[in-house]
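Engineer: Sharing a structure below in structure tokens format, with a few things to ask.
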Amino acid sequence: MMRTRPLKVALLGCGVVGSEVARIMTTHADDLTARIGAPVELAGVAVRRPSKVRAGIDPALVTTDATALVKRGDIDVVVEVIGGIEPARTLITTAFEHGASVVSANKALIAQDGAALHATAEQHGRDLYYEAAVAGAIPLIRPLRESLAGDKVNRVLGIVNGTTNFILDKMDSTGAGYQEALDEATALGYAEADPTADVEGFDAAAKAAILAGIAFHTRVRLDDVYREGMADVTAADFASAKRMGCTIKLLAICERAADGGSVTACVHPAMIPLSHPLASVREAYNAVFVEAEAAGQLMFYGPGAGGAPTASAVLGDLVAVCRNKLGEATGPGDSAYTQLPVSPMGEVVTRYHISLDVADKPGVLAQVATVFAEHGVSIDTVRQTGKDGEASLVVVTHRAPDAALSGTVEALRRLDTVRGVASIMRVEGE
Ligand SMILES: NC(=O)C1=CN([C@@H]2O[C@H](COP(=O)(O)OP(=O)(O)OC[C@H]3O[C@@H](n4cnc5c(N)ncnc54)[C@H](O)[C@@H]3O)[C@@H](O)[C@H]2O)C=CC1
Ligand SMILES: N[C@@H](CC=O)C(=O)O
Ligand code: NA
């Protein structure tokens, strides 16, 4: 039966995502009402700049006092799309304390304080949903928390940052410069308020921490995630990748160890073969592979950033939370019931592509090969090109622990015949 009293929603933040949430709530009001079983009403919108004209939003709803809005006591759901740690964390906590459930897109906050926020939500019998926080519009949190709740997930791997994928794609396909591509991604609403979070890999690391925690039912902190951004990826790296039939993507990789006793989580650029499905993920799209014991391999693909796609995920959560509220229930809470150690990057098994500038004289190749052998790293391929007494040596390794690979590179740097290490990149997807 349809309830006539509306569910009241407070929107915190009306930027790229918030403005789209407000727009869809207004334009799809009838459908949302039918799907929820009660009308949803935008009861207040907290902003920083109240004088800004916001199409479709009644100015009477706009306030700069987000705290007063979440403390009103008649709010059913708070949608937090401000971003950052504070004041978002305090506002969400206050919302729970005043009877509201929360939908958030804030991966930085959930990765840092998800456990405490879940505990507060549970203490007050409220929901905390954040589908938009990982991979934008792509349903990924809900499938992991609900659809795969009966399976055992062993690996989650993919592209989870739209901005960096957009930049890498432009650098690869059009030869655009890094800054030019970043400016375009920012103008399109993909980048974080501080795009360092994107290019230095913090955003993807936060998403990896959230994904690993949910997938493996354990606590993975942001600091547990090994992180390398993409700011150092050069046109020369792309040229090198191309020669190998590869491209370069910023990947998040979360794995359960084969013995099940530990997990790893890392974010770094990697070469992947052009034949791999991740190679064709363009612009701000994301794609994530989930490998589960019974299900096998699943692939999730779609827009990973942008106002409307992210708002789609927020609205999906809003509908779920409203339905829970009407059914006097709550959805799944924190699922971290184990405490698996997170192994350091040195223990992650991977492959390296190493490009060396060496002296072009007899014995150099043997010397280089010896260094690899001494570190227990097996070589897959070697390609040498040389001119004027100098040569370029590209070595691709078989899989080995990351510590052995970085030890090999350190030892190579110490060889007199190695003039320099032009590029080092991990290789995935083979
Ligand atoms: N833009 C995107 O593609 C995606 C964004 N997200 C997340 O969504 C959240 C919002 O992102 P965007 O909308 O892109 O950022 P934005 O910077 O466009 O919007 C944030 C808005 O919050 C306002 N704000 C800041 N402090 C406030 C306060 N104390 N009270 C009221 N308003 C305040 C700002 O003035 C701004 O308008 C962030 O957590 C972000 O990580 C998640 C997925 C995708
Ligand atoms: N800045 C983020 C936005 C979505 O999470 C990204 O580019 O992926
Ligand atoms: Na998502």
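Engineer: Would it be correct to say that LEU11 is farther than 30 Å from ALA191 by Cβ and buried (at least 20 other Cβ atoms within 10 Å of the Cβ)? Even if it seems obvious, please write down each step before you answer.
Structural biologist: Details: farther than 30 Å from ALA191 by Cβ: no; buried (at least 20 other Cβ atoms within 10 Å of the Cβ): yes.
Considered against the rule, which asks whether it is farther than 30 Å from ALA191 by Cβ and buried (at least 20 other Cβ atoms within 10 Å of the Cβ), LEU11 comes out as no.
Engineer: Return only the number of the condition from (1) among the hydrophobic types (A, V, I, L, M, F, W, C); (2) over 28 Å from GLY304 (Cβ atoms); (3) at pLDDT 95 or above that VAL53 does not satisfy.
Structural biologist: All conditions pass for VAL53, except number (3).
Engineer: Quick check: anything in the stretch 364-375 of a type in the set (D, E, K, R) and at pLDDT 95 or above?
Structural biologist: Start the filter on the stretch 364-375 by keeping residues that are of a type in the set (D, E, K, R), which leaves 374.
The next check asks that each one be at pLDDT 95 or above; those that pass are 374.
Yes - at least one qualifying residue is present in the stretch 364-375.
Engineer: For the stretch 403-414, what are the residues that are open to solvent by 10 Å² or more (accessible area, probe 1.4 Å) and touching a helix residue (DSSP H, G or I) at 6+ places or on another chain (Cβ under 6 Å)?
Structural biologist: The first filter runs over the stretch 403-414 and keeps only residues open to solvent by 10 Å² or more (accessible area, probe 1.4 Å), leaving 403-404, 406-407, 410-411, 413-414.
Matches in the stretch 403-414: ALA403, ALA411.
Engineer: Select from the stretch 72-101 the residues that are within 16 Å of ligand 3 (Cβ to nearest atom) and not in a loop (DSSP other than H, G, I, E, B) and write down the one among them that is surrounded by the most Cβ atoms within 10 Å (Cβ to Cβ).
Structural biologist: Taking the stretch 72-101 first, the residues within 16 Å of ligand 3 (Cβ to nearest atom) are 79-81, 83.
The next check asks that each one be not in a loop (DSSP other than H, G, I, E, B); those that pass are 79-80.
Working: VAL79: 32, GLU80: 28.
Among those residues, the one meeting the criterion is VAL79.
Engineer: Pairs needed: first member in the stretch 126-141, among the acidic types (Asp, Glu); second member anywhere, near ligand 1 (Cβ under 8 Å from one of its atoms); C-beta distance under 8 Å; at least 6 residues apart or different chains.
Structural biologist: From the stretch 126-141, the pairs are GLU131/ALA313.
Engineer: Moving to a separate point now. Filter the stretch 258-287 down to the residues that are more than 17 Å from THR247 (Cα to Cα) and open to solvent by less than 10 Å² (accessible area, probe 1.4 Å), then identify the one that is nearest to ligand 3 (Cβ to nearest atom).
Structural biologist: Initially, the stretch 258-287 is screened for residues more than 17 Å from THR247 (Cα to Cα), giving 258-266.
Among the residues that remain, those that are also open to solvent by less than 10 Å² (accessible area, probe 1.4 Å) are: 263, 265-266.
Details: VAL263: 21, ALA265: 18, CYS266: 20 Å.
Among those that are more than 17 Å from THR247 (Cα to Cα) and open to solvent by less than 10 Å² (accessible area, probe 1.4 Å), it is ALA265.
Engineer: Next question. Looking at the structure I just gave you, is LEU69 in contact with an Asp or Glu (Cβ under 7 Å, 6 or more places away or on another chain), over 21 Å from ARG323 (Cβ atoms), at pLDDT 95 or above and open to solvent by less than 70 Å² (accessible area, probe 1.4 Å)? Break it down into steps so the answer makes sense when it comes.
Structural biologist: On the way: in contact with an Asp or Glu (Cβ under 7 Å, 6 or more places away or on another chain): no; over 21 Å from ARG323 (Cβ atoms): yes; at pLDDT 95 or above: yes; open to solvent by less than 70 Å² (accessible area, probe 1.4 Å): yes.
So LEU69 does not fit the description; no.
Engineer: I've got another one for you. Going by the structure shown, is GLY229 in contact with a Gly (Cβ under 6 Å, 6 or more places away or on another chain) and touching a residue at least 12 places away in the same chain (Cβ under 8 Å)?
Structural biologist: Values: in contact with a Gly (Cβ under 6 Å, 6 or more places away or on another chain): yes; touching a residue at least 12 places away in the same chain (Cβ under 8 Å): yes.
It is true that GLY229 is in contact with a Gly (Cβ under 6 Å, 6 or more places away or on another chain) and touching a residue at least 12 places away in the same chain (Cβ under 8 Å).
The values are calculated or read from the model by the stated rules, or taken from the named source; none is laboratory data. Quick caveat: nothing in here was measured; it's all calculated off a predicted structure. As a convention, Cβ positions derive from the backbone with ideal geometry for all residues, glycine included, and neighbour counts pool all protein chains shown. Accessible surface areas use protein heavy atoms only, side chains included; no ligands, DNA or RNA. Shrake-Rupley method; radii C 1.70, N 1.55, O 1.52, S 1.80 Å.
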